[in-house]
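Okay, so here's the structure we're looking at.
The values are calculated or read from the model by the stated rules, or taken from the named source; none is laboratory data. The shown structure was predicted, so the numbers you read here are calculated from the model rather than taken from an experiment. So basically every Cβ, Gly included, is an ideal-geometry build from the backbone, and we count neighbours across all protein chains shown.
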Amino acid sequence: MKGLIDFLNVLLPVLYITTFIFYYLDFMKGGKVFSNSKRLLLFLTLIFHLFYLLFRTLYFEHPPITNVFEIFTVLAFAVGFSYFILELLTDIRGTGLFIIIISILFQLISSFFIQDLVAVKDVLKSNLLGIHVFSALLGYSAITISAVYGFLYLILYKEIKLNKFGLVFNRLPSLEVLEVLSFYSAVIGFILLTFAIIIGIIWLPKAFPDFSYADPKLIGTSMVWILYGIGIASKVFGKWRGKKVVTLSIIGFVLAIASTMLTNFLAQSFHSFY
Amino acid sequence: MNLSAISINHRSAPVELREALHLSEEEIAELVEKIKGSLFKEGLVISTCNRTEIYGFAVEKTTLPEIEKVLIGHKSLLNIKADNFQSFHSFSAIEHLFRVAAGIDSLLIGDNQIFKQVKDSFQLAEDLNFSGVLSKRIFDAAIKTGKRAINETLISEGAVTVSYAAVQLIEKIFSNLSKKSALIIGAGETGEIAAKHLRDRGIGRLSITNRTIERAEKLAASLNAKIIPFGNFKDYVYDYDIIISATSASGLILSKEDVENAMKRRNYASMVLMDIAVPRDIDPASKKIDYVFYHDIDSLNIIVEQNLAKRRDEIPKVEKIIKEELESLIGWYNSLEAGPTIKSLREYFEIVRAEEVDKNKNRFTDEDQEKLDIITKRIINKILHHPMVELKKLSGEGKNSDEMAARISIIRELFGIDKNNNEEDSK
């Protein structure tokens, strides 16, 4: 099984890149051939990815959530899967390549640096931790999608303002749709992150009796959570709209990713597990 | 094929002549009454604001100038010249009809309104008993060609008029027009078209303001819209998501300050300003305001030009479809000769006979099976004898004349010969 896991580890970036190429060709050229095959290709890529995650879980006897590179592959899957569901539900097809590129980045980093951890610390063998990580990852994938739609909103906004009616104008959905997709993804992300934080607060004192509230990961996550809270509240109460809300969503996403990377590589945090 | 056609269109005649020659349904009916039997056995008249065309299977010795004369006489037009007519004969007439139905002969390439107008003309020809076996088959092929052009190519995609481009642009900003409101400033022709487009797209709330109130009232009544007094329309601007301005005013009627005030009142909810007037009605500096999407006729023309270029790129694909359909029609027409029909009819009867004999032969002894074969063959030969003699006689009278083709077409249709052949091919 180890050989199969290693093979899939190499295959997955190739599959994501191939899927991206089909989404790119559909975006550039249109036509039924690419339009139908790209969705099938994404589906197959996600199936392979699901098997990869299952094989890793079975072979290493723990779910792939114990270090940042395992988390990145789960995140790549979660982003791709969330988009796939979104595409099926809304039939908005012009935005896939901008989201799949995020999956490619996460998967490439994961495939290059992932390590085969057989022995896992006892502290990580907890059901509460499983729920915490699961909801946090889904939350992160939601805010990733929110940021991508926010970014697309800004591009289309600028193009329309400047009378540029090229591919972006022709292929993307309307500004209102992009804003709604970005906002609802942010709301879903915020709810899931809130849930993850609550579970974390319950589990943390049990797992690390000597933890500190000044932990960089806790500070980073709190900042992201507050930022999204402010953005959502402002939008709901009608104070902010459009550009301001989506910019906040993009900043939140960058902060979330930076916080995850920094706590695992630079700072000393209880979230760094190897 | 003795099909003739004359056409007056944007390539052959100026707009005044095209307009003057336009025929209403009643006028077409009168014209058909005149030409049916005397000039044509069967045919078709198409008349839109941009083209008037007559197609028909001529009775003997009918010449194209005669047809032109009847049309000119029908509309009492004297200043028309022979150069203003385009004429086509036989399969080139059919090809021209296919090009018209597919929208590539239109002034506005890919105009899909013409497809509907051609279809309506076919229906009218049928209602007036002006269509026959051959023309019906040609109409069907033309409709198929038009449908294929629309479905299989992008020839009708994208907005190619300024007012429609404005609506396309609005739909890139707002997703659901039923929840939006629009104010049309100026009830002239441009404003009217834009208002109609918005109504067709299901705009939630529509209001009209115009310097002359009567004109605004007339348009508002036809589009179920509200009227805003022109004198103080600026006070209402904030209440609309879309402003389309198309007045003939000589200067600006909406300043940047007016727009800024409106945006403040609507808490900077997105607003689209479409200035399709020449000279412009709205201060272009308004585009600098956040969430204001200001576009004038130049920016809308960019969309129109892009879409027209895309449509032009699709012409070769449409021409390929026309070629395929024309070849198929020519193939069908050539099959309407007596020889191939006799052969097809014999084959058809033989297949039916052989199938039935095969199904039932076990009920007979070996000796009787042979007799069964002979008897059934003899029955078929007897049944077919008279039709075969008649077909050969037709062939002798005038090979491949349209009348013979029409009769043979009926025979082929009655026995489903072409249908059976197509089924065999598709297997």
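Figures for the structure shown
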read-out	value
Any hit, region B:162-170, residues being of a type in the set (Phe, Trp, Tyr) and farther than 23 Å from B:Ser24 by Cα	yes
Residues located in region B:1-38, provided they are surrounded by 16 or more Cβ atoms within 10 Å (Cβ to Cβ) and under 19 Å from B:Ser92 (Cβ atoms)	B:Met1, B:Asn2, B:Leu3, B:Ser4, B:Ala5, B:Ile6, B:Ser7, B:Ile8, B:Asn9, B:Ser12
Residue check, B:Ile242 under 28 Å from the mean Cα position of the chain (by Cα) and of a type in the set (A, V, I, L, M, F, W, C)	no
Considering residues of region B:281-298 that are within 9 Å of chain A (Cβ to nearest Cβ) and touching a residue at least 60 places away in the same chain (Cβ under 8 Å) only, the residue nearest to B:Val237 (Cα to Cα)	B:Phe293
Subset of region B:146-172 (residues that are within 30 Å of B:Leu326 (Cα to Cα) and of a type in the set (Lys, Arg))	B:Lys147, B:Arg148
Yes/no for A:Glu87 being assigned to a helix (DSSP H, G or I), under 22 Å from A:Lys244 (Cβ atoms) and either assigned by TED's automatic domain parsing to the domain that holds A:Ala207 or not polar (S, T, N, Q) (or both)	no
Positions within region B:170-199 being surrounded by fewer than 22 Cβ atoms within 10 Å (Cβ to Cβ), part of a helix (DSSP H, G or I) and within 14 Å of another protein chain (Cβ to nearest Cβ), in sequence order	B:Leu177, B:Ser178, B:Lys179
Residue within region A:159-182 that is of a type in the set (Phe, Trp, Tyr) and at pLDDT 90 or above present	no
First in region B:148-168 and at positive phi, second anywhere and surrounded by 20 or more Cβ atoms within 10 Å (Cβ to Cβ), Cβ under 6 Å, 6 or more apart	B:Gly158/B:Asn307
Single unsatisfied condition, B:Asn151 versus (1) more than 30 Å from B:Phe293 (Cα to Cα); (2) away from chain A (no Cβ under 14 Å); (3) assigned to a helix (DSSP H, G or I)	(2)
Meets criteria (of a type in the set (A, V, I, L, M), in contact (Cβ under 8 Å) with a residue 24 or more places away in the chain, within 14 Å of chain A (Cβ to nearest Cβ) and surrounded by fewer than 20 Cβ atoms within 10 Å (Cβ to Cβ)) for B:Leu128	no
Residue match in region B:200-210 (condition: assigned to a helix (DSSP H, G or I) and away from chain A (no Cβ under 14 Å))	yes
Selection status of B:Ile150, buried (at least 16 other Cβ atoms within 10 Å of the Cβ), in the same structural domain as B:His96 (by TED's automatic domain parsing) and not basic (Lys, Arg)	yes
Members of region A:154-203 found to be over 20 Å from A:Val245 (Cβ atoms) and touching a residue at least 24 places away in the same chain (Cβ under 8 Å), listed by number	A:Leu167, A:Arg171, A:Phe195, A:Ala196, A:Ile197, A:Ile199, A:Gly200, A:Ile202, A:Trp203
Region A:208-227: number of residues that are loosely packed, with under 14 Cβ neighbours inside 10 Å and assigned to a loop (DSSP other than H, G, I, E, B)	7
Residues of region A:161-176 classified as surrounded by fewer than 21 Cβ atoms within 10 Å (Cβ to Cβ), assigned to a helix (DSSP H, G or I) and within 9 Å of chain B (Cβ to nearest Cβ), total	4
Verdict on B:Gly231 being part of a helix (DSSP H, G or I), more than 30 Å from B:Leu97 (Cα to Cα) and more than 14 Å from every other protein chain (Cβ to nearest Cβ)	yes
Residue match in region A:146-153 (condition: in contact with an Asp or Glu (Cβ under 6 Å, 6 or more places away or on another chain), in contact (Cβ under 8 Å) with a residue 24 or more places away in the chain and either assigned by TED's automatic domain parsing to the domain that holds A:Ser249 or in a helix (DSSP H, G or I) (or both))	yes
Evaluation of B:Ser248 against (1) touching a Gly at 6+ places or on another chain (Cβ under 7 Å); (2) free of Cβ contacts under 8 Å to residues at least 12 places away in the same chain (one fails), failing number	(2)
Top-ranked residue in region A:177-197 [being of a type in the set (Phe, Trp, Tyr) and more than 14 Å from chain B (Cβ to nearest Cβ); ranked as surrounded by the fewest Cβ atoms within 10 Å (Cβ to Cβ)]	A:Phe195
Any hit, region B:158-167, residues being at pLDDT below 90 and touching a strand residue (DSSP E or B) at 6+ places or on another chain (Cβ under 7 Å)	yes
Selection status of A:Val68, within 16 Å of A:Leu97 (Cα to Cα), crowded, with 19+ Cβ neighbours inside 10 Å and touching a residue at least 40 places away in the same chain (Cβ under 8 Å)	no
Number of positions in region B:97-128 that are assigned to a helix (DSSP H, G or I) and closer than 26 Å to B:Glu26 by Cβ	18
Residue within region B:305-316 that is within 30 Å of B:Tyr238 (Cβ to Cβ), within 14 Å of chain A (Cβ to nearest Cβ), out of contact with any Lys or Arg (no Cβ under 9 Å at 6 or more places or on another chain) and not β-branched (Val, Ile, Thr) present	no
Odd one out for B:Asn261 among (1) more than 14 Å from chain A (Cβ to nearest Cβ); (2) closer than 20 Å to B:His197 by Cβ; (3) of a type in the set (S, T, N, Q)	(2)
Sole residue being away from chain A (no Cβ under 14 Å), closer than 27 Å to B:Glu189 by Cα and not in a helix (DSSP H, G or I), chosen from B:Val278, B:Val272	B:Val278
Which listed residue is over 30 Å from A:Ser234 (Cα atoms), in contact with a Phe, Trp or Tyr (Cβ under 7 Å, 6 or more places away or on another chain) and assigned to a helix (DSSP H, G or I), from A:Ser135, A:Ser185, A:Ser110	A:Ser110
Residue check, A:Tyr52 more than 26 Å from A:Met261 (Cβ to Cβ), modelled with pLDDT of 90 or more, crowded, with 16+ Cβ neighbours inside 10 Å and in contact with a helix residue (DSSP H, G or I) (Cβ under 6 Å, 6 or more places away or on another chain)	no
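Conditions tested, residue by residue: (1) away from every other protein chain (no Cβ under 14 Å); (2) crowded, with 16+ Cβ neighbours inside 10 Å; (3) over 21 Å from A:Ala207 (Cβ atoms).
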| position | (1), (2), (3) |
| --- | --- |
| A:Leu108 | yes, yes, yes |
| A:Ile114 | yes, yes, yes |
| A:Leu128 | yes, no, no |
| A:Phe134 | yes, yes, no |
| A:Thr144 | yes, yes, yes |
| A:Ala147 | yes, yes, yes |
